[in-house]
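Some notes on the structure that comes next.
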Amino acid sequence: MKFKPDAFIADLECAVHGDPGARAGFIGRLCDVCIDAFLAILPAVRIPEISGEYNKTAYHIFDLDMSAVKIQRNNVKVSLPGLTNSAGSTDELMHLEACNVSAQFREIRCKLKPGMMPPFRVTTSAT
């Protein structure tokens, strides 16, 4: 979908000065565009190595691929300070909050070092 600035401004005017239905429709369309854009760039996001320790086992996790992240529209809350009935920071133009986000990570490489044992490597998947 191509961005049309004139249509966006017209829809925004209706949302600001129109009825609550026009406002809800505008926010819904804006949310859809934001989710689509987020999911389009997510596969390119590379997460650096994650390291830590859990129950006396040191770990390093490599190759987290964000391409299988799933977000459903009905699990995203959008607020536009000043347009929706939401409190927000005055420097925020828009606030998106998602819940029930799921992901599947394939081919995760891990290096583990439990206590006094030698380190070992494993490749696994996680959801």
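The values are calculated or read from the model by the stated rules, or taken from the named source; none is laboratory data. Computed from a predicted model, the values in this text were never measured in an experiment. Neighbour counts are summed over all protein chains in view; Cβ atoms, including those assigned to glycine, are modelled from backbone coordinates with ideal geometry. Areas reflect the complete protein model, heavy atoms only, side chains present, ligands, DNA and RNA absent. Shrake-Rupley method; radii C 1.70, N 1.55, O 1.52, S 1.80 Å.
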Residues (modelled with pLDDT of 85 or more, of a type in the set (S, T, N, Q) and closer than 30 Å to Ile35 by Cβ) located in segment 83-127: Asn100, Ser102, Gln104, Thr124, Ser125
Let me spell it out: the conditions are (1) at pLDDT below 80; (2) touching a strand residue (DSSP E or B) at 6+ places or on another chain (Cβ under 7 Å); (3) open to solvent by less than 50 Å² (accessible area, probe 1.4 Å), and Ile61 meets all of them except one. Which number is the exception? (1)
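Any residue in segment 72-80 that is open to solvent by 60 Å² or more (accessible area, probe 1.4 Å) and free of Cβ contacts under 8 Å to residues at least 12 places away in the same chain? Spell out how you get there, then give the answer.
Initially, segment 72-80 is screened for residues open to solvent by 60 Å² or more (accessible area, probe 1.4 Å), giving 72-74, 77.
Now drop any that are not free of Cβ contacts under 8 Å to residues at least 12 places away in the same chain, which leaves 74.
Yes, because at least one residue in segment 72-80 is open to solvent by 60 Å² or more (accessible area, probe 1.4 Å) and free of Cβ contacts under 8 Å to residues at least 12 places away in the same chain.
Based on this model, can you work out whether Ala10 counts as more than 19 Å from the chain's Cα centre (by Cα), modelled with pLDDT of 80 or more and of a type in the set (Gly, Ala, Ser)? Show your work before the answer.
On the way: more than 19 Å from the chain's Cα centre (by Cα): yes; modelled with pLDDT of 80 or more: yes; of a type in the set (Gly, Ala, Ser): yes.
Answer is yes for this residue.
Results for (1) open to solvent by 50 Å² or more (accessible area, probe 1.4 Å); (2) of a type in the set (Lys, Arg), shown as yes or no for each residue.
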position	(1), (2)
Lys2	yes, yes
Ala7	no, no
Cys14	yes, no
Arg23	yes, yes
Ile27	no, no
Cys31	no, no
Ala40	yes, no
Ala44	yes, no
Ser51	yes, no
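Does Ile47 satisfy the condition of being of a type in the set (Val, Ile, Thr) and modelled with pLDDT of 80 or more? Don't jump to the end; show me each part of the working.
On the way: of a type in the set (Val, Ile, Thr): yes; modelled with pLDDT of 80 or more: yes.
Spelling it out, Ile47 is indeed of a type in the set (Val, Ile, Thr) and modelled with pLDDT of 80 or more.
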Residues being closer than 18 Å to Val78 by Cβ and in a strand (DSSP E or B) - total across segment 14-63: 0
Could you grab the pairs with beta carbons closer than 7 Å, sequence gap of 6+ or different chains, first residue in segment 1-29 and under 23 Å from Ala40 (Cβ atoms), second one charged (D, E, K, R)? Phe26/Asp11
Pairs only if they're at least six apart or on different chains, beta carbon under 8 angstrom, first in segment 48-64 and closer than 18 Å to Thr123 by Cβ and acidic (Asp, Glu), second open to solvent by less than 40 Å² (accessible area, probe 1.4 Å) and assigned to a strand (DSSP E or B); list them, first residue then second. Asp63/Ile108
Name the residue that is farthest from Glu53 (Cα to Cα), counting only residues in segment 89-127 that are touching a helix residue (DSSP H, G or I) at 6+ places or on another chain (Cβ under 9 Å) and assigned to a strand (DSSP E or B). Leu96
